[in-house]
Amino acid sequence: ASVRFVCDDPLPVFPQVLLVFAEEDEQSNGFRWACDKAGFRCNIARTPQSALECFLDKHHDIIIIDHRHSRYFDAEALCRSIRTTKASENTVIVCVVQRHTDREESSILPLISAGFTRRYVENSSRMACYNELIQLEFGQVQAQFKLRACNSLFTALEKSQEAIEITSEDHVIQYVNPAFETMMGYQIGELIEKELTEVPINEKKADFLDTINSCIKIGKEWQGMYYAKKKNGDSIQQNVKILPVIGQGGKIRHYVSISRLCNDNNKVEKTCECIQAESQTDTQTCRHKDMRKGSLDVRSTTSRGSDGISQRRRSSMARVHSMTIEAPITKVINIINAAQESSPMPVAEALDRALEILRTTELYSPQLGTKDEDPHTSDLVGGLMTDGLRRLSGNEYILSAKQTHQVAGSLSSPISLNDIPPRITQAMENEEQWDFDIFELEAATHKRPLVYLGLKIFARFGICEFLNCSESTLRSWLQVIEANYHSSNSYHNSTHSADVLHATAYFLSKERVKQTLDPIDEVAALIAATVHDVDHPGRTNSFLCNAGSELAILYNDTAVLESHHAALAFQLTTRDGKCNIFKNMERNEYRTLRQVIIDMVLATEMTKHFEHVNKFVNSINKPLAALEENGNNGDGESIKTVLRSPENRILIKRMLIKCADISNPCRPREQCIEWAGRISEEYFAQTDEERRQGLPVVMPVFDRNTCSIPKSQLSFIDYFIIDMFDAWDAFADLPNLMEHLNNNIKYWKGLDGRNLRVLRPPP
């Protein structure tokens, strides 16, 4: 069977051009004449406002902006405004600059940073303008049109009846399609990032394996039959084709395996077929002709009705499908599908692009340059998602390794839950509600909210009964953990821990979460929330790595703080029987609980933020959305299969604690403002110390004298919060959180629109 699809955006005969010139002159007339000669449809705008409105209405393929006279309008600001719109994703934007013969050539980087595609040095010659347009048409414009078909092509691979698996050169699995999951009985989360040897899929004799490897390792295709083992242990016979993909340096960088079940299970293994192509071009053409021999059943890609679903649920699911998170592996899939086209030239071009993307190592992290090039966003990403500059320094930041931590014996005896003072009891009255005020409890407890809130929440969830420990042991444990949070930190202190504990308990009370998790998961989540930042120094991982801290050396510059939090939590707990809440647990149950706690604490590390969110969306949100769109709301077994698989439960627990950890923008406004001030102060203090010690400044925008807190909050929300909470809301149904988030975004935008850099407007 052949693949057929209708491209929503075929290459038009006449591209559309928008000219943005404040005044008519020879240069604008030259481009207008060139558009007429080339047959391009042309619009002219005189102001940034009219240009943006015209573009949003027409969605031009080429925009030419006059950058020669800054007195009329800011061309770079206009370009940034256009680039913030979804419609500009495939638009080519040209900057017309003045010709200077009396000074040195200026850098083009500021223009690229603003979002321009290319620069045109003013030349009003009609033929020069015409040549520029023709080069654009057959260069960037055509390339952008080809990328627009990616969504349709992605559907082709996802709907393929053949099982497709992509591995790295080291045979680490990087992608499998739904047909592969169905055929083998695995879910994608069980396979991604696993070596083939870790997954008992293939049942081949050693000499047969050697035969296959000897073929594919020299760049030849292998095709034949072999038996494979499904997850449930059943053996199935497959017709398999394995294609090596040549990448950087002319070496094999990936393997693509295409499988389908054999109709006759009595067939024996065939000897391998090695196909040696004459040239690179012939190889590409030959491979994709072979791939087209198989059947890719592309059914209707239109969304199906879901009339029985509430309006809010439909809105949530629509957000899931339209999320802007785009991982490189998604791009790879799109381009591999595009190679199914019959034209040899597009196939070759698509393969070239696929090779470029496959050379990246982080298949789940989006390309950072795709977001608005705002310095606040850049600094947040650099500070939270990297491990420093690895720069040698004469300074060392000594943290925790030699510090004496508080233990149970050194603390005063805690009070009982029944003896809590009335003011504290009153402060915790509405702790089951999202609008609970943690700062009121902080004041009532003299900055010791974790012990009191922990006692109440743990009692509500029956933690002592599950752990088979006494209330006094739990009280001692909570006091030891709280004592090892740094009260001197403006943000990462025990109030933050209590806030995350409260959010975790709130999420655990949501109906779909309760359907998904077991009691041991709830216990692990509450303990992980309590300890997730214990002994936090108020500095980022990047700072510790750059400073050569003992913790960074101990943990090899990888998830330094998160590894320390998890390790120290168990050290503090198990070193003294008075606070060892695990001492009465059965060994295997304790090991299971310990692994879940560690996994959840490590999930709060931001370098894998997008990986966790992508996996959650693809493995949980989208399958649930598909069931609801198909009208299977009442199909409990299908939903249970998605929710209750061990792999998906891991993803849900990771997402739960991640959302709890950075839920500040979803809190009521006054709480959101207070948290914003506290985290900003902590970042300001880090910048101050980096400058004092001569260390690299990882977030230079957080200078207390110049930083705009509204801009920093908007950047953080745009880059990290919106997509994640859209996904979490679609799963757990959290309309109150999303309302707070929208109100807080409006608040920060209001301050930023008035060019205010502070937390609150002046009286």
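What is the residue count in the range 687-696 for residues that are surrounded by 21 or more Cβ atoms within 10 Å (Cβ to Cβ) and within 14 Å of Cys545 (Cβ to Cβ)?
Here is the first cut: in the range 687-696, the ones surrounded by 21 or more Cβ atoms within 10 Å (Cβ to Cβ) are 687, 690, 695.
Checking the rest, the ones that are also within 14 Å of Cys545 (Cβ to Cβ) come to 690, 695.
Of the residues in the range 687-696, 2 are surrounded by 21 or more Cβ atoms within 10 Å (Cβ to Cβ) and within 14 Å of Cys545 (Cβ to Cβ).
Would the range 424-443 turn up any residue that is open to solvent by less than 20 Å² (accessible area, probe 1.4 Å), over 24 Å from His740 (Cα atoms) and within 34 Å of the chain's Cα centre (by Cα)? Taking every residue of the range 424-443 in turn, none turns out to be open to solvent by less than 20 Å² (accessible area, probe 1.4 Å), over 24 Å from His740 (Cα atoms) and within 34 Å of the chain's Cα centre (by Cα). Listed by first and then second residue, the pairs linking a residue in the range 430-453 that is in contact (Cβ under 8 Å) with a residue 60 or more places away in the chain to a residue that is open to solvent by 60 Å² or more (accessible area, probe 1.4 Å) and outside any helix (DSSP H, G or I), with Cβ atoms under 9 Å apart and 6 or more places separating them unless they lie on different chains, are Phe436/Glu429; Phe436/Asn430; Asp437/Asn430.
Criterion first (open to solvent by less than 10 Å² (accessible area, probe 1.4 Å), touching a Ser or Thr at 6+ places or on another chain (Cβ under 8 Å) and either in contact (Cβ under 8 Å) with a residue 60 or more places away in the chain or not acidic (Asp, Glu) (or both)) does Ser542 satisfy it?
Numbers: open to solvent by less than 10 Å² (accessible area, probe 1.4 Å): yes; touching a Ser or Thr at 6+ places or on another chain (Cβ under 8 Å): yes; either in contact (Cβ under 8 Å) with a residue 60 or more places away in the chain or not acidic (Asp, Glu) (or both): yes.
It is true that Ser542 is open to solvent by less than 10 Å² (accessible area, probe 1.4 Å), touching a Ser or Thr at 6+ places or on another chain (Cβ under 8 Å) and either in contact (Cβ under 8 Å) with a residue 60 or more places away in the chain or not acidic (Asp, Glu) (or both).
Among the candidates Asn743, Asn705, single out the residue that is in contact (Cβ under 8 Å) with a residue 40 or more places away in the chain and open to solvent by 40 Å² or more (accessible area, probe 1.4 Å).
On the way: Asn705 fails: in contact (Cβ under 8 Å) with a residue 40 or more places away in the chain.
Checking each option against the conditions leaves just Asn743.
Would you mind stating whether Arg691 is at negative phi, part of a helix (DSSP H, G or I), out of contact with any Leu (no Cβ under 7 Å at 6 or more places or on another chain) and assigned by the TED database to the domain that holds His492? Against the criterion (at negative phi, part of a helix (DSSP H, G or I), out of contact with any Leu (no Cβ under 7 Å at 6 or more places or on another chain) and assigned by the TED database to the domain that holds His492), Arg691 does not qualify.
Hey, among Arg68, Arg83, which residue is surrounded by 14 or more Cβ atoms within 10 Å (Cβ to Cβ) and farther than 26 Å from Ala128 by Cβ? Full working, then the answer.
Numbers: Arg68 fails: farther than 26 Å from Ala128 by Cβ.
Of the residues listed, the single one that is surrounded by 14 or more Cβ atoms within 10 Å (Cβ to Cβ) and farther than 26 Å from Ala128 by Cβ is Arg83.
Take Asn556 and tell me if it is part of a loop (DSSP other than H, G, I, E, B) and free of Cβ contacts under 8 Å to residues at least 40 places away in the same chain. Criteria met by Asn556. Tell me whether the range 257-265 contains one or more residues that are at positive phi, surrounded by fewer than 16 Cβ atoms within 10 Å (Cβ to Cβ) and at pLDDT 75 or above. No, the range 257-265 contains no residue that is at positive phi, surrounded by fewer than 16 Cβ atoms within 10 Å (Cβ to Cβ) and at pLDDT 75 or above.
Under 16 Å from Ala559 (Cα atoms), crowded, with 19+ Cβ neighbours inside 10 Å and either among the acidic types (Asp, Glu) or in contact with a Lys or Arg (Cβ under 7 Å, 6 or more places away or on another chain) (or both) - does that describe any residue in the range 642-654? Reasoning before the result, please.
Step one: filter the range 642-654 for residues under 16 Å from Ala559 (Cα atoms), giving 654.
Still in the running and crowded, with 19+ Cβ neighbours inside 10 Å: 654.
Now drop any that are not either among the acidic types (Asp, Glu) or in contact with a Lys or Arg (Cβ under 7 Å, 6 or more places away or on another chain) (or both), which leaves none.
No; the residues of the range 642-654 include none that is under 16 Å from Ala559 (Cα atoms), crowded, with 19+ Cβ neighbours inside 10 Å and either among the acidic types (Asp, Glu) or in contact with a Lys or Arg (Cβ under 7 Å, 6 or more places away or on another chain) (or both).
Is it the case, given these coordinates, that Ile597 is β-branched (Val, Ile, Thr), in the same structural domain as His496 (by the TED database), open to solvent by less than 40 Å² (accessible area, probe 1.4 Å) and under 17 Å from Arg649 (Cα atoms)? When the stated conditions are applied, Ile597 passes them. Does Pro735 meet the test of being surrounded by fewer than 17 Cβ atoms within 10 Å (Cβ to Cβ), touching a helix residue (DSSP H, G or I) at 6+ places or on another chain (Cβ under 9 Å) and either assigned by the TED database to the domain that holds Asp499 or within 30 Å of Glu193 (Cα to Cα) (or both)? In short, no.
A single member of Glu221, Glu273 is outside the structural domain of Ile166 (by the TED database) and either modelled with pLDDT under 80 or over 15 Å from His171 (Cα atoms) (or both), and it is Glu273.
Can you find a residue in the range 669-692 that is within 21 Å of the chain's Cα centre (by Cα) and in contact (Cβ under 8 Å) with a residue 12 or more places away in the chain?
Keep residues of the range 669-692 that are within 21 Å of the chain's Cα centre (by Cα), which gives none.
No: the range 669-692 contains no residue that is within 21 Å of the chain's Cα centre (by Cα) and in contact (Cβ under 8 Å) with a residue 12 or more places away in the chain.
Answer with yes or no whether Asn584 is within 30 Å of Tyr719 (Cβ to Cβ), out of contact with any strand residue (DSSP E or B) (no Cβ under 7 Å at 6 or more places or on another chain) and open to solvent by 70 Å² or more (accessible area, probe 1.4 Å).
Numbers: within 30 Å of Tyr719 (Cβ to Cβ): no; out of contact with any strand residue (DSSP E or B) (no Cβ under 7 Å at 6 or more places or on another chain): yes; open to solvent by 70 Å² or more (accessible area, probe 1.4 Å): yes.
No.
Looking at the range 455-474, is at least one residue among the charged types (D, E, K, R) and buried (at least 22 other Cβ atoms within 10 Å of the Cβ)? Before you say what the answer is, go through the steps one by one.
First, pick out the residues of the range 455-474 that are among the charged types (D, E, K, R): 456, 460, 465, 471.
Restricting the remaining residues to those that are buried (at least 22 other Cβ atoms within 10 Å of the Cβ) gives none.
No, that holds for no residue.
The values are calculated or read from the model by the stated rules, or taken from the named source; none is laboratory data. A quick note: this is a predicted structure, and the numbers were derived from the prediction, not measured. Note that we place each Cβ from the backbone using ideal geometry, even for glycine, and neighbour counts take in every protein chain shown. Side chains are part of the model used for accessible areas, which takes the heavy atoms of the whole protein and leaves out ligands, DNA and RNA. Shrake-Rupley method; radii C 1.70, N 1.55, O 1.52, S 1.80 Å.
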